[in-house]
Amino acid sequence: MRSEYVGAGGAQAPLLRVSLADGTLVAAPDLPPQEMLASLQVTSDVLGTGWFGADAAAVALGKTVAIIGDGAVGLCAVIAARHIGAERVIVMSRHAPRQKLAREFGATDIVTERGDEGVARIKDLTDGLGAHSVVEAVGSQEAMMQAMRSTRPGGYVGFAGVSHGVQLPGQELFYAEVHLHGGPAPVRRFLPELIDLVWTADQPRQGLRPDVAVGPGGRGLPRDGRAPCDQDAIAAVNAITDKTARSRSSTLLSGGC
């Protein structure tokens, strides 16, 4: 059986042909109302990724969680942490609109410092110990080191950010005595639960309107769930699509706005 990784080939496109896609499809309980579509859309993307970050970090009832990164994945990790039952959720953020969203989603503390100062601030908030669980949702060297150093001995780091040039110092990792777990998010595993959460939600304050995490102040997706109509971007995608279709048997389809 032929398999092919499609993430870099345009999986964020409006339309994508995927062979054997029925293996990852999850049915909604019924035809969803229009106002629910945007939230359902992100269950298979940033919400599932943030959820995996929280799961990989072993977030648990009554524990303290720190989240490195205030983008869509980081904000969705806040939703996950609060739903799982974390008592304290510390978000590292320097952007006022995202801080507001983090608070609405259930963050209890905001840390604006970075690097050693950021680590020291998290230690101050946790009686000098560090968080039980830390979600790294950025993927940079600084973010990973900050995550490791903000975790208490025996704690867990869940990394959901795509790593870019991250190198772990072996000796520091050895003596840190923290668990590291992460990688590409197995979103299919969480989809039934996430769809049910969105379907049954009646209060956005519960963090069950994840579409706002990628809207204004998040990553840029309008709240109606439609991609912005940037004709230059569409032309670029179409050009890539044509080239891909000629050189590969898998066909990427680009839809209009």
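Rule-based calculations on the coordinates, nothing more; no lab input. Everything numeric here is computed off the predicted structure, so don't read it as measured data. Here the Cβ is made from the backbone with ideal geometry for all residues, glycine too, and neighbour counts use every protein chain on show.
The table that follows gives values for the structure above.
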read-out: Total charge dipole magnitude, the stretch 46-187, about the Cα centre, Cβ charges on Lys, Arg, Asp, Glu only, Debye to nearest 20; value: 300 debye
read-out: Amide H within-cut-off set for GLY182, under 5 Å, with H built and near neighbours excluded; value: PHE159
read-out: Estimated distance in nm for a label pair at VAL26 and GLN167, the labels positioned 7 Å out from Cα along Cα-to-Cβ; value: 3.9 nm
read-out: Euclidean distance between Cα centres, the stretch 134-151 to the stretch 56-74, Å; value: 11 Å
read-out: Loop-located trypsin sites (Lys or Arg not before Pro) in the stretch 96-183 whose Cβ has at most 15 other Cβ within 10 Å (DSSP); value: ARG114
read-out: FRET efficiency for GLU177 and ARG94, using Cβ-Cβ distance with R0 set to 35 Å, rounded to 0.05; value: 0.75
read-out: Two-decimal Rg to Rh for the stretch 46-187 - Kirkwood Rh, Cα set; value: 0.92
read-out: Table column - 3J(HN,Hα) (Hz), the stretch 91-105, Karplus curve with 6.51, -1.76, 1.60, x for Gly and Pro; value: 10, 8, 8, 10, 10, 4, x, 6, 4, 4, 4, 4, 4, 4, 7
read-out: Backbone N under 18 Å from the ARG189 label point (7 Å along Cα→Cβ), restricted to the stretch 164-180; value: 179-180
